[in-house]
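These notes concern the structure reproduced below.
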Amino acid sequence: MMKLFAGLLLAIGILLMTGSGLCSLYVIIGAGVSSNGAIIWFALVFGGIPFALGGGLFAVGLRLLKKQRRISLDELDDRFR
């Protein structure tokens, strides 16, 4: 069950980072050189928050998977002692 939850966190994190990153990139490229740079800060502030949230979810999911793997390896090691 823990592997499923960790996998869901990984998937949601990847989707959030991809969506917000592509949207921010589209806003920055769409603005082109006609803007004075304010649109870049706008995209980084409003696109960076979901990107950071997605990165956090990804990191938590990865940590849960590593913890689950470490527990299963310890249990396997105890069986062969």
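What the table shows:
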| quantity | calculated |
| --- | --- |
| Extreme residue, surrounded by the most Cβ atoms within 10 Å (Cβ to Cβ), among residues of the stretch 12-31 that are of a type outside the set (Val, Ile, Thr) and touching a residue at least 40 places away in the same chain (Cβ under 8 Å) | Gly13 |
| Residue in the stretch 45-52 that is touching a Cys at 6+ places or on another chain (Cβ under 7 Å) and open to solvent by less than 40 Å² (accessible area, probe 1.4 Å) present | yes |
| Some residue of the stretch 32-44 being open to solvent by less than 40 Å² (accessible area, probe 1.4 Å) and within 25 Å of Lys66 (Cβ to Cβ) | no |
| Only one of Ala52, Ala31, Ala43, Ala38 that is closer than 30 Å to Met2 by Cβ and either small (Gly, Ala, Ser) or out of contact with any Leu (no Cβ under 7 Å at 6 or more places or on another chain) (or both) | Ala52 |
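The values are calculated or read from the model by the stated rules, or taken from the named source; none is laboratory data. The shown structure was predicted, so the numbers you read here are calculated from the model rather than taken from an experiment. Neighbour counts are summed over all protein chains in view; Cβ atoms, including those assigned to glycine, are modelled from backbone coordinates with ideal geometry. Calculation scope for accessible area: heavy atoms of the full protein, side chains included, ligands and nucleic acids excluded. Shrake-Rupley method; radii C 1.70, N 1.55, O 1.52, S 1.80 Å.
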